[in-house]
1. Which members of the range 134-165 meet the condition of being open to solvent by 70 Å² or more (accessible area, probe 1.4 Å) and either among the hydroxyl-bearing types (Ser, Thr, Tyr) or under 28 Å from Gly108 (Cβ atoms) (or both)?
2. Identify all residues within the range 32-85 that are under 23 Å from Val147 (Cβ atoms) and either in a loop (DSSP other than H, G, I, E, B) or open to solvent by 70 Å² or more (accessible area, probe 1.4 Å) (or both); write none if there are none.
3. Are any residues in the range 62-79 more than 10 Å from the chain's Cα centre (by Cα), within 16 Å of ligand 2 (Cβ to nearest atom) and not hydroxyl-bearing (Ser, Thr, Tyr), and if so, which ones?
4. Pairs needed: first member in the range 126-137, touching a residue at least 40 places away in the same chain (Cβ under 8 Å); second member anywhere, near ligand 1 (Cβ under 10 Å from one of its atoms) and open to solvent by 50 Å² or more (accessible area, probe 1.4 Å); C-beta distance under 8 Å; at least 6 residues apart or different chains.
5. Testing Glu133 on (1) in a helix (DSSP H, G or I); (2) within 11 Å of ligand 2 (Cβ to nearest atom), one condition comes back false. Which one is that?
6. Against the definition (assigned to a helix (DSSP H, G or I), at pLDDT 95 or above and of a type in the set (A, V, I, L, M)), how does Val104 come out, yes or no?
7. I'm told Glu99 meets every condition in (1) farther than 21 Å from Glu84 by Cβ; (2) in contact (Cβ under 8 Å) with a residue 40 or more places away in the chain; (3) within 13 Å of ligand 1 (Cβ to nearest atom) except one. Can you identify the failing condition by its number?
8. Which ones in the range 104-130 are closer than 12 Å to Glu91 by Cα and away from ligand 2 (no atom under 16 Å from the Cβ)?
Amino acid sequence: MIQQTLVLIKPDGLKKSLTGNILTRLSETRLDIIAAKIVSVHRELAEEHYRHLKDKPFFRDLIKYICGEFHKRKVLAMIYYGEEAISKVRELAGATNPEEADAVSIRGAYGRITTSGVYENVIHVSANEEEAEREIKLWFEPDEIIVDIYPSKIVKKEMEKKVWV
Ligand code: IDP
Ligand code: MG
């Protein structure tokens with residue numbers, strides 16, 4: 001089945017200069033990258049992204065982590081697209097807990113648990129089709145993606161926009 005999945009290289013991955021290594025590992029999947037951008041993550045985006053965890057004791061630290069308070073204030077957001085994209089990328093990423101993740105998975109190789117208990121696992125990958133759709137629509141606008149993966153519509157909007165001077 002053709003699928004799409006959201007991949008984030010988290011702030012620790014960027015701070016540790018792991019972008020090249022992680023992209024090389026992901027290229028083993030032979031999937032297509034159909035969108036990519038650097039995002040400075042603000043609190044509302046972080047809280048919405050991780051809303052399923054808002055009652056967990058580690059939620060506050062998790063939000064600080066993904067916003068880059070412990071590393072750099074940015075993530076690399078991408079969409080991978082192709083046959084069985086979700087399970088392929090998730091398998092390469094490895095288990096959520098980097099100490100339990102397969103040693104050759106991305107999280108097993110590069111992740112750590114901090115002394116305050118945050119799982120710094122360098123990469124986010126969507127867990128299933130439903131989450132992938134929710135996450136992709138949260139992080140990307142339709143015209144930032146080069147394939148029409150979900151239905152969209154054209155609307156006329158008058159709004160302020162930053163332009164070159
Ligand atoms: P996933 O990233 O493998 O899909 P989720 O349960 O969705 O796992 O959790 C989102 C993120 O929250 C994880 O990637 C990790 O950074 C952090 N996290 C999850 N569970 C724990 C925990 O028990 N302690 C600390 N951090 C956690
Ligand atoms: Mg998840």
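The values are calculated or read from the model by the stated rules, or taken from the named source; none is laboratory data. All figures in this text were calculated on a predicted structure; none of them were measured in a lab. When we count neighbours, we look across all protein chains shown, and the Cβ atoms used for this are built from the backbone with ideal geometry, even at glycine. The area values use the complete protein model at the heavy-atom level, side chains included, leaving out ligands, DNA and RNA. Shrake-Rupley method; radii C 1.70, N 1.55, O 1.52, S 1.80 Å.
1. Once the filter is applied, which keeps residues that are open to solvent by 70 Å² or more (accessible area, probe 1.4 Å) and either among the hydroxyl-bearing types (Ser, Thr, Tyr) or under 28 Å from Gly108 (Cβ atoms) (or both), the range 134-165 yields only Ser152.
2. Asp32, Ile33, Ile38, Glu83, Glu84
3. Leu62, Ile63
4. Within 8 Å, the pairs are Ser126/Arg90; Ala127/Arg90.
5. With respect to (1) in a helix (DSSP H, G or I); (2) within 11 Å of ligand 2 (Cβ to nearest atom), Glu133 is out only on (2).
6. It is false that Val104 is assigned to a helix (DSSP H, G or I), at pLDDT 95 or above and of a type in the set (A, V, I, L, M).
7. All conditions pass for Glu99, except number (2).
8. Val104, Gly108
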